[in-house]
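**Q** Have a look at this one.
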Amino acid sequence: AQKVTQAQTEISVVEKEDVTLDCVYETRDTTYYLFWYKQPPSGELVFLIRRNSFDEQNEISGRYSWNFQKSTSSFNFTITASQVVDSAVYFCALSEEDTGNQFYFGTGTSLTVIP
Amino acid sequence: GAVVSQHPSRVICKSGTSVKIECRSLDFQATTMFWYRQFPKQSLMLMATSNEGSKATYEQGVEKDKFLINHASLTLSTLTVTSAHPEDSSFYICSARGGLPYNEQFFGPGTRLTVL
């Protein structure tokens, strides 16, 4: 069973639009961590955020914001006023203590921001 | 802090040759290193986990005789693709754990392997 689901395979938005990338996870562990990474065409994974299961506070960092809801097992990522440089593949990942903190990656969402 | 490097960043080789990829933790001791493979437009798939001084643990479906992993020191792990074939062409990414926060993995920039 897929532990991390990113239902949106590809999204295209026009520059300056807001866009939300969905992430739904599945775990029985009480202690776990959620991550978002950006992978531009160069391939290098860029760390965006880490959230632990005990911290449900939403977070905002510039144009980026994250909504963590344990009740729906979701950890969605919103980019406000998107820019062309935001075009990339975005991965959501889950790490569980019970499995030795192995990473489970979603299938990724390819975001294209059209100028 | 917590920087991981990979070398080479890109390699092209002929079918049948072996290729070695290095993964180094530059500013921390990596007790555990992970190797992932990513095919075009796909997600990262874990190939193996290695602990310093121990044999690597391979994921189901990954041939350990083809993908040799050595984690001889706390800062270096190597992946050798033996007798490479075109289907081995992929993007290989390593990650390391041991820096702070301890349970987090820090990813290298990746190595793009093309087998002709």
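**Q** Which of (1) within 14 Å of another protein chain (Cβ to nearest Cβ); (2) not in a loop (DSSP other than H, G, I, E, B); (3) not hydrophobic (A, V, I, L, M, F, W, C) is the odd one out, the single condition B:E22 does not satisfy?
**A** (1)
**Q** Looking for whichever is part of a strand (DSSP E or B), under 10 Å from the mean Cα position of the chain (by Cα) and within 14 Å of another protein chain (Cβ to nearest Cβ) here; the options are B:I93, B:I69. Which one fits?
**A** The conditions single out B:I93.
**Q** Given the options B:L74, B:L46, B:L68, name the one that is among the aliphatic types (A, V, I, L, M), open to solvent by 20 Å² or more (accessible area, probe 1.4 Å) and closer than 30 Å to A:E10 by Cα.
**A** B:L46
**Q** Related question: Being over 30 Å from A:T9 (Cβ atoms) and open to solvent by less than 60 Å² (accessible area, probe 1.4 Å): is that true of B:T57 here?
**A** In short, no.
**Q** The conditions are (1) modelled with pLDDT under 95; (2) open to solvent by 70 Å² or more (accessible area, probe 1.4 Å); (3) more than 17 Å from B:D88 (Cβ to Cβ), and B:S25 fails exactly one of them. Which is it?
**A** Evaluating B:S25 over (1) modelled with pLDDT under 95; (2) open to solvent by 70 Å² or more (accessible area, probe 1.4 Å); (3) more than 17 Å from B:D88 (Cβ to Cβ) leaves (2) as the failure.
**Q** When only residues in the range B:96-106 that are open to solvent by less than 30 Å² (accessible area, probe 1.4 Å) and more than 10 Å from chain A (Cβ to nearest Cβ) count, which is nearest to B:A48 (Cα to Cα)?
**A** Applying the filter and picking the extreme gives B:A96.
**Q** If A:E56 satisfies every condition in (1) touching a residue at least 40 places away in the same chain (Cβ under 8 Å); (2) in contact with a helix residue (DSSP H, G or I) (Cβ under 7 Å, 6 or more places away or on another chain); (3) surrounded by fewer than 16 Cβ atoms within 10 Å (Cβ to Cβ) but one, which is the exception?
**A** A:E56 satisfies all of (1) touching a residue at least 40 places away in the same chain (Cβ under 8 Å); (2) in contact with a helix residue (DSSP H, G or I) (Cβ under 7 Å, 6 or more places away or on another chain); (3) surrounded by fewer than 16 Cβ atoms within 10 Å (Cβ to Cβ) except (1).
**Q** Report yes if A:G100 is among the small types (G, A, S), open to solvent by less than 60 Å² (accessible area, probe 1.4 Å), closer than 29 Å to B:S90 by Cα and without any contact (Cβ under 8 Å) to a residue 12 or more places away in the chain, otherwise no.
**A** Yes, satisfied.
**Q** Looking at (1) within 14 Å of chain A (Cβ to nearest Cβ); (2) outside any loop (DSSP other than H, G, I, E, B), which is the only condition B:P109 fails?
**A** (2)
The values are calculated or read from the model by the stated rules, or taken from the named source; none is laboratory data. What you are looking at is a predicted structure, and each value in this text was computed from that prediction instead of being measured. No Cβ is skipped: glycine too gets one built from the backbone with ideal geometry, and neighbour counts run over all protein chains shown. SASA here: full protein model, heavy atoms, side chains in, ligands and nucleic acids out. Shrake-Rupley method; radii C 1.70, N 1.55, O 1.52, S 1.80 Å.
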